[in-house]
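Student: Dropping the structure in here first, questions after.
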């Protein structure tokens, strides 16, 4: 627990529907990144203009996220990119509203048009393939609100400072991670993936296991990150010791 914010307990409450994702994000930002402030979100006028251009209303969860922190690049754009209201668009096949792009254009995240009437619809992902006929929207997370929790946590791991690092795991890395960290109560994703992405907490270090292909870590301090490197030794990208 950090400065009154219990990450694991707060995340469990969100996943179980006992508290709002925005309360979790406020607490996480205050304890791990930088507290949310007035002006971190887009204005109501920005969202109304986007809705007028698109010809439909945005889902409530998307509106709430954009109003609260949509302009905070450190929460939404260290790696992948949350689109601004003026950039929101319907994909070429007219199947989904696109709101996020992978940083090199390898994938897009969206909400199926048929789900736009839901307050908190499921999120889908589509890879950008050389064979366009093979592209299709696939399940990512069961709700926009959980997706924004994932976005904030993921982008916090990819900030360019000494508290973050990346490990290309070897044969024993994932076992060491499981033995030295607590699995966080966040669903594995993308939908149907085995193994999928999982989240862990080790003291004051947050870790993401991408199905055994990569481990990302962020400590609240440099010492927290060093401790994780010691517990899970390997070729950490930013470990210059």
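Each reported figure results from applying straightforward, stated rules to the coordinates on display, with no laboratory input. These numbers were taken from a predicted model, which means no experiment stands behind them. Neighbour counts run over all protein chains shown; Cβ positions are idealised from the backbone, glycine included.
Student: From the P(r) of the range 65-145, can you give the percent of Cα pairs sitting at distances over 17 Å? If you can, show how the numbers build up before the last one.
Tutor: Working: 1528 of 3240 pairs.
That tail contains 47 percent of the Cα-Cα pairs.
Student: Sticking with this one: For residue 57 and residue 161, calculate 0.36 nm times their separation in residues minus their Cα-Cα distance, and state this gained length in nm to one decimal.
Tutor: 33.6 nm
Student: How much length is gained on full extension from residue 35 to residue 95, taking 0.36 nm per residue of separation minus their Cα-Cα distance? Let's see the in-between values first.
Tutor: Numbers: separation 60, 0.36 × 60 = 21.60 nm, distance 3.61 nm.
That pair, residue 35 and residue 95, stretches by 18.0 nm at full extension.
Student: Of the peptides 180-191, 115-126, how do they stack up when ordered by the mean number of other Cβ atoms within 10 Å, highest first?
Tutor: Final packing ranking: 115-126, 180-191.
Student: Take 99, 163 and order them by how many other Cβ atoms sit within 10 Å, fewest up front. Display every interim value, and only then the final one.
Tutor: Numbers: 99 26, 163 21.
Starting with the residue having the fewest Cβ neighbours, the order is 163, 99.
Student: Same structure, new question: Thinking of the range 7-150 as a set of Cα atoms, what percent of all their pairs are more than 22 Å apart?
Tutor: Counting every Cα pair in the range 7-150, those more than 22 Å apart make up 39 percent.
Student: How many Å³ per residue does the convex hull of the Cα positions in the range 1-60 occupy?
Tutor: Looking at the range 1-60, the number lands at 100 Å³ per residue.
Student: Given R₀ = 25 Å, what would the calculated FRET efficiency be for residue 118 paired with residue 188, taking r from the Cβ atoms and rounding to 0.05?
Tutor: So, using R0 = 25 Å, E works out to roughly 0.65.
Student: Apply the Debye scattering formula to the range 129-175, with a single equal point scatterer on each alpha-carbon and no solvent, then give log10 I(q)/I(0) at q = 0.16, 0.21, 0.33 Å⁻¹.
Tutor: One equal scatterer on each Cα of the range 129-175 leads to -0.83, -0.92, -1.09.
Student: Which value in deg cm²/dmol, rounded to the nearest 500, describes the helix-derived mean residue ellipticity at 222 nm for the chain, given -39,500 (n - 2.57) per DSSP H run of n ≥ 4 and division by the residue count?
Tutor: -9500 deg cm²/dmol
Student: Using the 2.2 N^0.38 Å rule of thumb for compact globular proteins, work out how the range 161-231 stacks up: its C-alpha Rg over that value, please.
Tutor: In units of the globular-protein estimate, the range 161-231 measures up at 1.05.
Student: Run the simple label-point estimate for residue 179 and residue 128 please: 7 Å along Cα→C-beta, distance reported in nm.
Tutor: The two pseudo-label positions are separated by 4.1 nm.
Student: How large is Rg over Rh for the chain, taking Rg from the Cα atoms and Rh as the Kirkwood inverse mean of 1/r across Cα pairs?
Tutor: Values: Rg = 18.0 Å, Rh = 18.7 Å.
So for the chain, dividing Rg by the Kirkwood Rh gives 0.97.
Student: Another question, if that's okay. Starting from 0.36 nm per residue, how many nanometres of slack lie between residue 210 and residue 168 once their C-alpha separation is accounted for?
Tutor: Gain on stretching residue 210 to residue 168: 14.1 nm.
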